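Read the structure below first, then the notes.
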Amino acid sequence: MEPTDTDILVLPLAQALLTAGSVLALVTVVVLVRRNHLELRYSLLWLLACCAGVGAAVYPESSRIAAHAMGVRFPFNAVFLLVMAFQLAVTFMLTLAASRSRRDRARLAYELARLRLELEDLRARDAAAATRGATAAGSGAPSAE
């Protein structure tokens with residue numbers, strides 16, 4: 001029997017490699033989160049993608065079901081569309097993180113400038129007080145402190 005254009009053909013070796021790769025990616029993300037190399041809020045999308053990869057590798061018919069649910073004729077096109085959506089989501093998350101980081105750097109630069117100015121003022125007051133104290137001690141007059 002000849003396969004039709006909507007049949008899913010996955011060789012056992014390919015299915016085993018896809019499953020192993022997806023499980024390895026899932027374990028890697030979990031380990032990175034546990035070691036605090038990857039924040040949990042950034043890892044959620046990766047965890048979802050890894051779980052979807054494991055599901056698709058274990059159950060290849062899921063791509064046909066997804067294609068049917070999305071109204072797409074060929075399962076490969078549905079997978080391609082889902083990968084594109086995933087890439088857009090990752091790009092959006094990275095853009096949000098970069099914007100937040102830029103805003104935080106600007107706030108920290110402002111705070112640093114304010115603290116430096118405050119430190120300079122305190123040093124100037126200390127120098128002025130030390131000069132008054134030395135002048136008062138040298139003239140023999142009692143200090144006002």
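Every number in this text was worked out from the coordinates using simple rules, so none of it is lab data. Everything quoted here is computed from the prediction, not taken from an experiment. Reconstructed Cβ throughout: ideal geometry from the backbone, glycine too, with neighbour counts over all protein chains shown.
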*Do you know which residues across segment 40-71 are crowded, with 16+ Cβ neighbours inside 10 Å and β-branched (V, I, T)?*
V54
*Restricting attention to segment 16-73, report how many residues are among the small types (G, A, S) and within 18 Å of L94 (Cα to Cα).*
2
